[in-house]
Amino acid sequence: MKFLRQEYQEIKNFITENYQTILILGVATLSLTLQWYRPLRFSPAFSYIFYFMLLPVLAIHFGLKDHLLNYGFSLGEYKVWLVYVAITITLSVPLLFIASHFSQVHKYYGRGFDYYQFFTLTVPTLLAWEYLLRGFILFGLKERFGKASIVIQMVPFVLLHFGKPEVESLSCIITGLWFGWVAYRGRSFWPAFLIHVAINFINSIFTSF
């Protein structure tokens, strides 16, 4: 019995000391898993919004009892991140132009540019992706891990790109770290979202020819 009481206390201490980390990574992993196995098929865009945004928001409100603005929703240091956004988009143009000529990239994306689908599916999906990664995970782990939270959120970002061209998935190691850095320095997930949308838009234009 003494052994069981000791183990119970160890488990209790572990949960108490790591409650926020367990909740953040637990809910994020749950969101990723449910989206993979049980997507809401009546609306792919809403499915991502539900799993990647609504579930984290509920966890922040009810589980952490914290304010959403502390998890990337605020505009943050917009004077800082606007510069990062402008520089990143500018540099991405020639890189995306070169990448669009890779056979695997053009084969995957070269289906013509559907503006309706881009704004009704791609943009909402990217909003949900960015909030889960560069909002919920990044800022949820920031207090505990500091800048190392940038590295942590990069891992699921790369995994979400599995099935896409290999060169894109590999590049996500770098872009995932960069998006995380921009969000961290800007104290907001919005710059990462804007960059991601711009990159997808530019890539869609280049691969449509």
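The values are calculated or read from the model by the stated rules, or taken from the named source; none is laboratory data. Since we're looking at a predicted model, the values are computed, not measured. FYI the Cβ positions are ideal-geometry reconstructions off the backbone, even for glycines, and counts take in every protein chain you see.
Tabulated values for the structure
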item	result
So Glu17, is it charged (D, E, K, R) and either in contact with a Cys (Cβ under 7 Å, 6 or more places away or on another chain) or in contact (Cβ under 8 Å) with a residue 60 or more places away in the chain (or both)	no
Of the criteria (1) at pLDDT 95 or above; (2) over 19 Å from Arg187 (Cα atoms), which one Gly76 fails	(2)
Boolean, Leu82 is within 21 Å of the chain's Cα centre (by Cα), surrounded by 15 or more Cβ atoms within 10 Å (Cβ to Cβ) and assigned to a helix (DSSP H, G or I)	no
Residue selected from region 24-44 under the condition at pLDDT 95 or above and small (Gly, Ala, Ser), by the criterion surrounded by the fewest Cβ atoms within 10 Å (Cβ to Cβ)	Gly26
Single residue of region 162-188 satisfying the filter (among the small types (Gly, Ala, Ser) and crowded, with 18+ Cβ neighbours inside 10 Å) that is farthest from Tyr78 (Cα to Cα)	Gly176
Number of the exception - Phe145 against (1) among the aromatic types (Phe, Trp, Tyr); (2) in contact with a Gly (Cβ under 7 Å, 6 or more places away or on another chain); (3) over 30 Å from Ser43 (Cβ atoms)	(2)
Residue count for region 85-109, restricted to those that are in a helix (DSSP H, G or I), surrounded by 15 or more Cβ atoms within 10 Å (Cβ to Cβ) and aromatic (Phe, Trp, Tyr)	1
Residue among Gly140, Gly112 that is in a loop (DSSP other than H, G, I, E, B), in contact (Cβ under 8 Å) with a residue 40 or more places away in the chain and either touching a Ser or Thr at 6+ places or on another chain (Cβ under 6 Å) or closer than 29 Å to Leu58 by Cβ (or both)	Gly112
Filter result for Val151 (in contact with a Ser or Thr (Cβ under 8 Å, 6 or more places away or on another chain) and without any contact (Cβ under 8 Å) to a residue 40 or more places away in the chain)	no
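Every residue, every condition in (1) without any contact (Cβ under 8 Å) to a residue 60 or more places away in the chain; (2) among the β-branched types (Val, Ile, Thr); (3) out of contact with any helix residue (DSSP H, G or I) (no Cβ under 8 Å at 6 or more places or on another chain); (4) farther than 17 Å from Glu143 by Cα, yes or no:
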| site | (1), (2), (3), (4) |
| --- | --- |
| Thr29 | yes, yes, yes, yes |
| Leu32 | no, no, no, yes |
| Tyr37 | yes, no, yes, yes |
| Leu40 | yes, no, no, yes |
| Tyr48 | no, no, no, yes |
| His61 | yes, no, no, yes |
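Residue-by-condition table, conditions (1) touching a residue at least 24 places away in the same chain (Cβ under 8 Å); (2) out of contact with any Gly (no Cβ under 7 Å at 6 or more places or on another chain):
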| site | (1), (2) |
| --- | --- |
| Leu58 | no, yes |
| Lys65 | no, yes |
| Leu68 | no, yes |
| Ser74 | yes, yes |
| Glu77 | yes, no |
| Val85 | yes, yes |
| Leu91 | no, yes |
| Leu95 | no, yes |
| Ser103 | no, yes |
